[in-house]
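Right, one structure below, let's go through it.
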Amino acid sequence: MILVALGLQAESPVVISTARPERFRPQTEKWLASHGLKPEALYMREDSREGVPDHMIKFGHLLAIREKFGEPKVWVDDNDSNVAMLKKNGVPVIHVKS
């Protein structure tokens, strides 16, 4: 997923959606930077939403991304439920198998 993001980053802003809790933002931003990623925005799970399925978190992110940035050109994800939700909502998805 990192290689895809790096390649896309050269052409247009990258927006990242993760289901990791917000309390891990500093570590997440540091990790992204250490891999050369400079996202335009980083969407994370609100700490109060622990236990909410990832695909519901990512659906909220999708709505916010559409409002702020327009339609995603492509979304890269390794979670089957997230991929199904994204496809259902007309988002082009690269499904990375872990």
* Asked: So which residues in the range 59-74 are in contact (Cβ under 8 Å) with a residue 40 or more places away in the chain and not charged (D, E, K, R)?
  -> His61, Leu62, Ile65, Phe69, Pro72, Val74
* Residue check: is Ser17 touching a Lys or Arg at 6+ places or on another chain (Cβ under 9 Å), surrounded by fewer than 12 Cβ atoms within 10 Å (Cβ to Cβ) and either of a type in the set (Ser, Thr, Tyr) or more than 21 Å from Asn89 (Cα to Cα) (or both)? -> no
* Cross-chain or 6+ apart pairs with Cβ under 7 Å, the range 81-98 first and farther than 18 Å from Arg66 by Cβ, then in a helix (DSSP H, G or I) and not β-branched (Val, Ile, Thr) -> Ser81/Asp54; Ser81/His55
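Where a number appears in this text, it was derived from the coordinates with a stated rule and is not lab data. Predicted, not measured: the structure shown is a model, and the values here were computed from it. For neighbour counting, all protein chains shown are included, and Cβ atoms are generated from backbone atoms with ideal geometry for every residue, glycine included.
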